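Let me begin by presenting the structure, written as C-alpha cells, before commenting on it.
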Amino acid sequence: GDQVEQSPSALSLHEGTDSALRCNFTTTMRSVQWFRQNSRGSLISLFYLASGTKENGRLKSAFDSKERRYSTLHIRDAQLEDSGTYFCAAEAANTGKLTFGDGTVLTVKP
Amino acid sequence: NSKVIQTPRYLVKGQGQKAKMRCIPEKGHPVVFWYQQNKNNEFKFLINFQNQEVLQQIDMTEKRFSAECPSNSPCSLEIQSSEAGDSALYLCASTGTLSNERLFFGHGTKLSVL
C-alpha cells in the first residue's frame, strides 16, 4: 500500500508569503528527499535528510528524527520561480525501497 | 545541479515499435535507477543497476524492456514493443551507494506512443 502521503495536493500562494508542505509516512523511513519538478519535467534535488533539518535560502526542510514518520518543506517569502510540482521521496528503513509522494502543485502568483 | 544526462529529450513512436532511451550517470556514481512517471505524476520504479549488474526490476521491465549499463558506455532502457500505455516521462537517476544517499535525476525522456 501507499507509504507516503503528501499534502496538500495543490497550493496557491501570493508572492512574499510563507507556507509548508508535508509528507507523512506509514512506516519508519531511513531518509527523505525533496524535489521540485519544473514544467519541462526536470527533477531538481532540493534536500536530502537522514535526520534533523536543513536550510537553503528560503527553503527549509525537516525530518522527524524520533519516529521518522513525517517530513516538512517550508517555503519562506515565496517567489514566482518557486512555482512547480514538489515531491518528497522516502526510503523505507526495513526494505530500502524509495517511494514518492503524489506531489504538490505549487503556484505562486504576483 | 544534476549531471545526469538523458537522451533523447523527446521520443515519439508508433505502437509496436522499439523505443530506446539512454542515460549517462553522474561521474563516479555506480548505482543507476530508472523510473517511469505517468501523466498523474505517479512514479513507478522500473529497474536499478550497480555498475553493470541488475539489482532489482519489476515484472513489466523484465518481460517487455531491455536494459543495460555497460562499462564505459551510456546506460540504456529500451521498450521492445511500445504500447500506448507506455507514454510517460522516463527518468534516470544515479547515486553513490544503494541506500542512504541522495539521488540525482536527469531531465528525463518524454515518450509518446501514438
Taking 8 Å as the Cα distance limit and 6 or more residues as the minimum spacing, I'd like the relative contact order of chain A as a percentage.
37
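Where the convex hull is taken over the Cα atoms of the protein assembly as shown, what is its projected area averaged over directions, in nm²?
Average projection, Cα convex hull of the protein assembly as shown: 12.1 nm².
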Write down the radius of gyration of chain A and its Dmax, each obtained from C-alpha positions, in Å.
13.3, 44
Eligible lysines near residue B:18 by straight Cα distance, threshold 23 Å, same-chain separation 8 or greater:
B:39, B:44, B:63, B:110
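What translational diffusion coefficient, to the nearest whole µm²/s, does region B:5-113 have by Stokes-Einstein, given a Kirkwood radius computed over alpha-carbon pairs, a temperature of 25 °C and 0.890 mPa s viscosity? Walk me through the numbers on the way to the answer.
Working: Rh = 13.7 Å.
Reported coefficient: 178 µm²/s.
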Mind checking A:43-50 for the average number of partner chain beta-carbons within 10 Å of each residue's beta-carbon?
5
I'd like the FRET efficiency for residue B:18 and residue B:40, computed as 1/(1 + (r/R0)^6) with the beta carbon distance as r and R0 of 22 Å, rounded to 0.05.
0.30
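Values quoted throughout were computed directly from the atomic coordinates according to the rules given, and no laboratory measurement underlies them. Here the structure is a predicted model, which is why all the values come from computation and not from measurement. No Cβ is skipped: glycine too gets one built from the backbone with ideal geometry, and neighbour counts run over all protein chains shown.
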